[in-house]
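Below: one structure, written as structure tokens.
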Amino acid sequence: MTALSGQDARRLHDLAMAILTEREPVRVWPLLMDRLTTDLPVDLAVLIDLDWKAGTGHAQTGSPDWLYEAPLDALIHAHMRAHPLLRHYAHTADRTPLTMDEMADDGWWKSEAYHAGKAAIGIDRQLALPLNSRPGQIRGVIMSRSGRGFTDRDLEYADLARSLLDTVAAHEKAVFGLPQLADPAEYAITPREMSVLALLDEGLTAHAIGSRLRITERTAIKHKENLYRKLRVHDRVTALKKARALGLLPG
């Protein structure tokens, strides 16, 4: 396998520092998706959390921001069991980053699942970073780019990045001292939307939220509208009250 360059080592160091120094825990996973798309680089990166037995799951967060308007959950529900990488991780204990080129046969490239993903989000060459998860669950990052396949250097970088990402949950609990709150996924609320919710709780405007999260004001407003819809409310005060009642925010 090709040795990582000094630039790759610096990127991994910066990724570790981003995890260790981020003061707003709700920003960690969106930040990591942004970094992965830049460092490898790839066109998109999505953190997924699947219940394989039930055949359900959610795209928790991703980069770039236009993914939040893509039908990711619908794609997961319709095609997750046809996905060669997900099938592999569901039926083995393997946690090695693998590419679609390594796992797929000719049938995949002709399948309805492939063409549905290609039409919706432009997926082509894919690389999976499987993370630690509970039995029967698949948690990991799926990355994709068009045309160009992944190299040995990409796989080595991905393996080291995977180890860093596996530390995030433990780090959040140990360093941030997060209280035991309700799981936002139970309400289909993504980590990015939780970021917006936390900043709404600080009293920030959509413009200020956009600046803090490095997204456009329009995207911040879209996340806020999605939150209101999922919480079944119509304004900020009621949204925060409802979020506390559900255990999504500390009392």
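Looking at the range 78-88, can you tell me whether even one residue there is basic (Lys, Arg) and surrounded by 17 or more Cβ atoms within 10 Å (Cβ to Cβ)?
No, the range 78-88 contains no residue that is basic (Lys, Arg) and surrounded by 17 or more Cβ atoms within 10 Å (Cβ to Cβ).
Among (1) assigned to a helix (DSSP H, G or I); (2) without any contact (Cβ under 8 Å) to a residue 60 or more places away in the chain; (3) open to solvent by less than 50 Å² (accessible area, probe 1.4 Å); (4) over 20 Å from Trp52 (Cβ atoms), where does Asp154 come up short?
Just one mismatch for Asp154, condition (2).
Please go through the range 219-239 and pick out each residue that is within 16 Å of Glu202 (Cβ to Cβ) and surrounded by fewer than 18 Cβ atoms within 10 Å (Cβ to Cβ). Write out each step before concluding.
Kept after step one, since they are within 16 Å of Glu202 (Cβ to Cβ), are these residues of the range 219-239: 220, 223-224, 227, 236-237, 239.
Within the range 219-239, Arg236, Val237 qualify.
Considering the range 75-103 alone, what residues qualify as being without any contact (Cβ under 8 Å) to a residue 24 or more places away in the chain and outside any loop (DSSP other than H, G, I, E, B)?
Looking only at the range 75-103, we keep the residues that are without any contact (Cβ under 8 Å) to a residue 24 or more places away in the chain, and these are 77, 87-88, 91-93, 102-103.
Selection gives His77, Arg87, His88, His91, Glu102, Met103.
Return the residues of the range 195-206 that are β-branched (Val, Ile, Thr) and open to solvent by less than 50 Å² (accessible area, probe 1.4 Å); say none if nothing qualifies.
Initial filter on the range 195-206 (β-branched (Val, Ile, Thr)): 196, 205.
Within the range 195-206, just Val196 meets the criteria.
Consider the range 30-57. How many of its residues are among the hydroxyl-bearing types (Ser, Thr, Tyr) and open to solvent by 50 Å² or more (accessible area, probe 1.4 Å)?
Restricting attention to the range 30-57, the residues satisfying the condition of being among the hydroxyl-bearing types (Ser, Thr, Tyr) are 37-38, 56.
Those still in the list that are open to solvent by 50 Å² or more (accessible area, probe 1.4 Å) too: 38, 56.
Of the residues in that region, 2 qualify.
Are any residues in the range 207-218 in contact (Cβ under 8 Å) with a residue 12 or more places away in the chain, assigned to a helix (DSSP H, G or I) and open to solvent by 20 Å² or more (accessible area, probe 1.4 Å), and if so, which ones?
His207, Arg212
Please verify whether the range 58-72 includes one or more residues that are over 25 Å from Asp154 (Cα atoms) and open to solvent by less than 30 Å² (accessible area, probe 1.4 Å).
Our first condition is that a residue be over 25 Å from Asp154 (Cα atoms); within the range 58-72, this holds for 58, 68-71.
Subset that is open to solvent by less than 30 Å² (accessible area, probe 1.4 Å): 70.
Within the range 58-72, one or more residues are over 25 Å from Asp154 (Cα atoms) and open to solvent by less than 30 Å² (accessible area, probe 1.4 Å).
Results for (1) touching a Phe, Trp or Tyr at 6+ places or on another chain (Cβ under 7 Å); (2) at pLDDT 90 or above; (3) at positive phi; (4) of a type in the set (Ser, Thr, Tyr), shown as yes or no for each residue.
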{"residue": "Val175", "(1), (2), (3), (4)": "no, no, no, no"}
{"residue": "Ala188", "(1), (2), (3), (4)": "no, no, yes, no"}
{"residue": "Glu193", "(1), (2), (3), (4)": "no, no, no, no"}
{"residue": "Leu204", "(1), (2), (3), (4)": "no, no, no, no"}
{"residue": "Ala208", "(1), (2), (3), (4)": "no, no, no, no"}
{"residue": "Tyr228", "(1), (2), (3), (4)": "no, yes, no, yes"}
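Mind listing whichever residues of the range 115-125 are assigned to a helix (DSSP H, G or I) and closer than 14 Å to Ala45 by Cα? Give the derivation first.
Restricting attention to the range 115-125, the residues satisfying the condition of being assigned to a helix (DSSP H, G or I) are 115-121.
Hits for the range 115-125 are Gly117, Ile121.
Can you spot a residue in the range 104-114 that is outside any loop (DSSP other than H, G, I, E, B), within 20 Å of Asp49 (Cβ to Cβ) and touching a helix residue (DSSP H, G or I) at 6+ places or on another chain (Cβ under 6 Å)? Give the steps one after another, and end with the answer.
From the range 104-114, those outside any loop (DSSP other than H, G, I, E, B) are 106-109, 112-114; that's our starting set.
Restricting the remaining residues to those that are within 20 Å of Asp49 (Cβ to Cβ) gives 113.
Within this subset, residues satisfying the condition of being touching a helix residue (DSSP H, G or I) at 6+ places or on another chain (Cβ under 6 Å) are 113.
Taking every residue of the range 104-114 in turn, at least one turns out to be outside any loop (DSSP other than H, G, I, E, B), within 20 Å of Asp49 (Cβ to Cβ) and touching a helix residue (DSSP H, G or I) at 6+ places or on another chain (Cβ under 6 Å).
Give me the pairs, please: first residue somewhere in the range 1-22 and part of a loop (DSSP other than H, G, I, E, B), second residue anywhere and β-branched (Val, Ile, Thr) and modelled with pLDDT of 75 or more, beta-carbon distance under 6 Å, and either six or more positions apart or on two chains.
Final answer for the pair search is Glu22/Val28.
Go through the residues of the range 41-64 one by one and say whether even a single one is modelled with pLDDT under 85 and part of a helix (DSSP H, G or I).
Residues of the range 41-64 that are modelled with pLDDT under 85, as a first pass: 60-61.
Then drop every residue that is not part of a helix (DSSP H, G or I), which leaves none.
Within the range 41-64, not a single residue is modelled with pLDDT under 85 and part of a helix (DSSP H, G or I).
Here are Gly136, Gly117, Gly149: which of them is at positive phi and at pLDDT below 95? Full working, then the answer.
Details: Gly117 fails: at positive phi; Gly149 fails: at positive phi.
Checking each option against the conditions leaves just Gly136.
Report the residue count in the range 135-150 for those that are open to solvent by 40 Å² or more (accessible area, probe 1.4 Å) and in contact with a strand residue (DSSP E or B) (Cβ under 8 Å, 6 or more places away or on another chain).
Filtering the range 135-150 for residues open to solvent by 40 Å² or more (accessible area, probe 1.4 Å) gives 135-136, 139, 146-148.
Checking which are in contact with a strand residue (DSSP E or B) (Cβ under 8 Å, 6 or more places away or on another chain) leaves us with 136, 139, 146-148.
Adding up the residues that qualify gives 5.
Being outside any loop (DSSP other than H, G, I, E, B) and of a type in the set (Gly, Ala, Ser) is the filter here; which residues of the range 65-74 pass it?
If we filter the range 65-74 for residues that are outside any loop (DSSP other than H, G, I, E, B), which is where we start, we get 65-69, 72-74.
Passing the criteria: only Ala74.
The values are calculated or read from the model by the stated rules, or taken from the named source; none is laboratory data. Given the structure is predicted, the values throughout are model-derived calculations rather than measurements. Glycine also receives a Cβ, built like all others from the backbone with ideal geometry; neighbour counts cover every protein chain displayed. These accessible areas exclude ligands, DNA and RNA; they are computed on the full protein's heavy atoms, side chains included. Shrake-Rupley method; radii C 1.70, N 1.55, O 1.52, S 1.80 Å.
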